[in-house]
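The structure appears below as structure tokens.
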Amino acid sequence: VLFQLRNPSSPPCIRSWIPWFGAAFQFGKAPLEFIEQARSKHGPVFTIFALGKRFTFVTEEEGTEAFFKSKDLNFEQAVQQAVENAVSVPAEAFYQNHGNLYSMLKGKMGPSNLYVFTGTLCKELHEHMAHLGTEGTGNLNDLVRQVMYPAVVNTLFGKGICPTSQSEIKEFEEHFQKYDEDFEYASQMPECFLRNWSKSKKWLLKLFEKVVSDAERTNPSETTSKTLLQHLLDNLQGKHLAPNYGLLMLWASQANAVPIAFWTLVFILSYPSIYKKIMEDLTSVFGKAGKDKIEVSEEDLKKLPFIKWCTLEAIRLRSPGAITKKVVNPIRIQNFTVPAGDLLMLSPYWLHRNPKYFPDPEMFKPDRWKEANLEKNAFLDSFVAFGGGKHQCPGRWFAIMEIQLFVVLFLYKYEFVLLDAVPKESPLHLVGTQQPMAPFRVQYKCRE
């Protein structure tokens, strides 16, 4: 039901007759489909009233510059309540720590520091790929998770800190998967509505008490020997919140990188010409595929720009439905005035489908990325998957590197037979990478 607001300069507002909940039920069922219908009916700027909040969506380029540069918008105020709901960090502690921790992570995971992680991550990926054996059949999404999760955790948190052995990992994976699946809803709703999610969250926080204790006990004095978790502990104000921030860092390192690695492989394997080019590139750098345990350096990855293009193109096509900031003073977007208190939602998912910037926007076209100045760490115009301005994702360069490295090792070691059609992306998630709607089973076998 569309209620015309008293102020005609405000965007059209979609709500329902149910107080507080508003349009939450319809919106929550399939957010991306709901947004698409709202765009068709009301235009590129509209407001959804749900869970006692006003979410104003901007789905086209006009408004993008204001979103990233306007002082009338605030990122920290937009995400504070979500962080409190998700990992139980109180508002005061969040505001006290956010700027310092963001700067630390941005520095430690920036382009000039990636070499610190590459060697360790390469060894870890080899070790956990070995658990897949020389051949088998499985859902590619599960295979990617089984390799990337323990490898990345051991690289960022320190080997043996988090449960990564085959015997310990099952219970952890069940809890983390439940936590990740409902993270989006839990970040916006009272915990009492999500009992199973709440149970998994408490289990994970209890686990992280031990994880943090182990990391502090083994924390070296030399900066160069510290893990990213130990750097976080050194910079955190309020040590009792270390398990909470540890869990947040774990979620941030896994929730988007694993599904993007999956989608990158899906697109590569389903386009024979792209797959052929990648295998030729790998042979030119490492020799004929099939050798045992190649060592891949940061310099090697620079010789494989096409794999980076494939990764970025997968990110473009499977980007979040929205990134958010809070309106602290009324702001003009197109012909509308968005009132203070609204959460302004910019949509990478729709911006990345603008044919003005991305011709044939629904097509997987890695070659479009040759126009980007990636050597100077610049993306294509209107690519906003990692945010923009001073609040871009601090781990973006590490994420791109880890996916590239995984794709190199996985395709170099195994050949594949596809058993299912390429799945569609799920419309259920607004925040984070789109998940597949169906399994994508493959047969894999070590190359001769």
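Quick one: which residues, 5+ away or cross-chain, put their amide H under 5 Å from the amide H of Phe46? H built at 1.01 Å from N.
Amide H neighbours of Phe46: Phe57.
Tell me which aspartates and glutamates have Cα within less than 18 Å of Lys276's Cα, excluding those fewer than 8 residues away on the same chain?
Within the straight-line limit of under 18 Å, Lys276 reaches these aspartates and glutamates: Glu313, Asp367, Glu415, Glu448.
Please list, in chain and number order, the residues 5+ apart from Arg54 or on another chain whose amide H is under 5 Å from its amide H, with Hs placed from the backbone.
Residues meeting the criterion, in which the H sits 1.01 Å from N, are Leu343.
What percent do you get for the relative contact order of region 303-448 when only Cα pairs under 8 Å and 6+ apart count?
Working: 189 pairs, mean separation 37.7, N = 146.
Contact order relative to length: 26 percent.
With an 8 Å Cα cut-off and a minimum separation of 6 or more residues, compute the relative contact order for the chain in percent. Mind dumping the intermediate values first?
Details: 664 pairs, mean separation 109.8, N = 448.
Value for the chain: 25 percent.
Relative to the longest principal Cα axis of the chain, at what angle does helix 140-157 sit, 0 to 90 degrees, rounded to 10?
90 degrees
Using Cα-only point scatterers and the Debye equation, what is log10 of I(q)/I(0) for region 116-264 at each q in 0.15, 0.21 Å⁻¹, rounded to two decimals?
Normalising to I(0) and taking log10 leaves -0.84, -1.46.
Identify the GluC sites (Glu not before Pro) of region 180-275 meeting these criteria: DSSP loop state and at most 11 other C-beta atoms within 10 Å of the C-beta.
Working: sites: Glu181, Glu184, Glu191, Glu209, Glu216, Glu222; in loops: Glu222.
Answer by residue number: Glu222.
Can you compute the helix-only [θ] at 222 nm over the chain? Use -39500 (n - 2.57) per DSSP H run of at least 4 residues, normalise by all residues, nearest 500 deg cm²/dmol.
Working: 18 runs with 221 residues, N = 448.
That calculation yields -15500 deg cm²/dmol at 222 nm.
If one computes the Cα centroid of region 351-398 and of region 165-201, what distance in Å separates the two points?
Comparing the Cα centres of region 351-398 and region 165-201, I get a distance of 31 Å.
What are the extents of the Cα atoms of region 212-341 along their three principal axes, listed from largest to smallest and rounded to whole Å?
56, 56, 21
Going by amide H atoms built from the backbone, whose H comes under 5 Å of the H on Leu73, apart from near neighbours?
Here Val328 satisfy the definition.
None of the figures in this text is laboratory data; all of them are computed from the coordinates on show. Given the structure is predicted, the values throughout are model-derived calculations rather than measurements. Glycine also receives a Cβ, built like all others from the backbone with ideal geometry; neighbour counts cover every protein chain displayed.
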